[in-house]
1. Amide H to amide H, which residues 5 or more places from Lys216 or on other chains are under 5 Å from it, using H placed in the peptide plane?
2. Could you bin all the Cα-Cα distances of the range 260-414 into 5 Å bins starting at 0 and give me the percent of pairs in each, rounded to whole numbers?
3. Hey, if you put +1 on the Cβ of every Lys and Arg and -1 on every Asp and Glu Cβ in the range 57-173, which of Ala87, Leu101, Ala144 ends up farthest toward the positive end of that dipole?
4. Would you grab the residues whose amide H sits under 5 Å from the one on Leu489? Only those 5+ places off in sequence or on another chain, please, with H modelled 1.01 Å from N.
5. What does the range 326-451 give for Rg and for Dmax, in Å, if only its C-alpha atoms count?
6. Using DSSP to call loops (not H, G, I, E or B), can you name the trypsin sites (Lys or Arg not before Pro) in the range 269-346 whose Cβ has at most 10 other Cβ atoms within 10 angstrom?
7. Which value, in debye to the nearest 20, describes the size of the charge dipole of the range 291-430 about its Cα centre when Lys and Arg Cβ atoms bear +1, Asp and Glu Cβ atoms bear -1, and nothing else is charged?
8. What's the local net charge at Leu177, with K and R +1, D and E -1, over the other residues with C-beta under 13 Å away?
Amino acid sequence: MAEETSKRVARENFALSTVPMLQSASFEPLLHQSREEEEENHTDDDRFVETSIQIRQAQGTFPSALGAAVFHLVEMLEDEDILEKGATVSEAARRALWTCLVDEPTLLIRFFFEKLSHKERRIKSLQSLRRLMICLNDIPPQFAHAVFNYVLGLLMSMVRSPLEGSQELIIAGLTLLWQIIPYLHGLVLKDLKQILRKEQAEMMILITGNIPSTKKVIIHGPDLSQIPTQAIIQEDTQFSHVLQEALDFFGIPDSKRDRYYLIDVKTRDFYFFRRNIYPQLSLVHMDMKQSQRQLEHMSIYLKTTELSKVLFARYLLENTPYNQIHNCVTFFHDELIKSPSFPRKPLESDFNLYTRISDKELFNLDMLHKYNWLKLISCLFFNMDGKTTTTWDITLFLNVINGAFILHCEDFAMLRFCLATYISVAKHFRHIFATNGYLLIMPTYLRVYSNIQSNPMLKKALEYCCRQFFILHRIPFILQMLGSISQLLDFDEQSDVTDTNKIQPICLFRLLVGLEQTSVDAMRDDYSILELVKDDSPPHKSSIITPTTMPVANLTVVAALGQGNMIAPATIKTLDFCYADDDTIFTVLNCIDVCVTVGELFSLVKRT
């Protein structure tokens, strides 16, 4: 801070008129380096020094003096002050930086990344580069490739040899990585995976990363003079087991065990297998408040890292060319199904830290993480063949949607997107949901409905979405819904405690009665859920409709409003042509008829 203040004072007292500006700005130190200065750099006598004359050439559009002003030019991109003749400071800075981006992108990147060696300027350099990418409407492909290569090299180096403060560098690097994806061309996912696996950085960047863990860890005691112990790592080993083994080995009293923690001085988060190299942990005594702060910091760091990885996969998939999208979808689909951590990893949540951290920072990060997982899965689904009939293709992915729905159903944005995703998936995979697709979502759906009777917004949204399910598949939907929850109904009337894993029969009855309602309020999409539903059908030529052309499900609404012409609302139509001319009104009597019919036909089946 004192150094910056002295430089600022020196700049303010400098007589600028005494310096030839153009000559000083175009000065290139490399061209004026003497032979004696070069020979001083070679201190090793055994090194061969080439005596041939090397011709140096200065850059035409990027002298070294301009590199010192790069950070100031980026800050000027947000300066909207008007100069003479109507010009703005931001436009002048944008033109200067655009010339550098097009002509010398590698040199421009070098001035950002060479500051990473300074501890105080690391984060500032990456933040300045990120601000540059945000302020520009477009980025040249050669600059995008240069940024991608530099950031990828930075992340690999952080995995191999972590530095102090490497966590902030990794977060900043991952943020740059997914932001630059829309401007990259020709990125092959399989080749990238092979490179990252060779460098053991697959877990850091790809959501499909799966690297074998280390076989054992070495734990040092509170007293460095003590002999360290070794903990054998197996597939089901947890850190709590390792901590308990260390406490027992070093003889920590039971009254003090809650003050001892395992820490890693190299700040690693994942311990992958390396031959003859084992992680070094230390058992240290720490104040509970300090340990809690470090735990919160690490949780936010891990959640931000996972969010960046999902954003990288999502933007990579969304920006893949049409002729390559099938290979990319197949790669993600196969890799995720084979991954042992899917769908557990996308649904991991630190519930005990949701309310401890101020402003619900971790809770909001977790919601963004789940939201982007839903966006990624939606992109995967709608680029798959909707005529498939194999349920296992979508089962694990639907578990992620169900988990996100349970965790964040009371958030309005997540509620709308989850329900819209359910409807879109039911429309896209029509053959699966006509047979057994609803068996995968209705138990979760009805559990949530049974536990949120005190939330009128959520209750009405679930009833509206359930009505759309009925319109799509009619009788098959009723059969699957009742069949999927038959074992989940709670008939224990004597218990005073409500089992949240069960479904209350009264709640099921309320849902059926709610589906039977045909009033204006019941039929209206108050929360604009259908606006988010993926429409696979071709667009209609006109959006103006009359009561005579409106679907039957909306006739009641038009009659009640008394409108002759109106803008067509988003509607759901049945997917089976056998029900095309039938009424879309649901009644409890129809549901009872279906149950009686099934009981009569399959009376000898125990489940019936």
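Every number in this text was worked out from the coordinates using simple rules, so none of it is lab data. As the structure is a prediction and not an experimental result, all values here were calculated from the model. FYI the Cβ positions are ideal-geometry reconstructions off the backbone, even for glycines, and counts take in every protein chain you see.
1. Amide H neighbours of Lys216, under 5 Å, 5+ apart: Ile233.
2. Bins of 5 Å from zero give 1, 7, 14, 17, 16, 14, 12, 9, 5, 3, 1, 0 percent of pairs.
3. Ala144
4. For Leu489, the qualifying residues are Ile503.
5. For the range 326-451, the Cα-based Rg and Dmax read 15.1, 47 Å.
6. On the way: sites: Arg274, Arg275, Lys289, Arg293, Lys303, Lys309, Arg314, Lys338, Arg344; in loops: Arg275, Arg344.
Passing sites in the range 269-346 are Arg275.
7. Numbers: 15 positive and 14 negative charges, 40 e Å.
With only Lys, Arg, Asp and Glu charged at Cβ, the dipole is about 200 debye.
8. On the way: positive: Arg130, Lys309, Arg314; negative: none.
After counting each charged neighbour, the total is +3.
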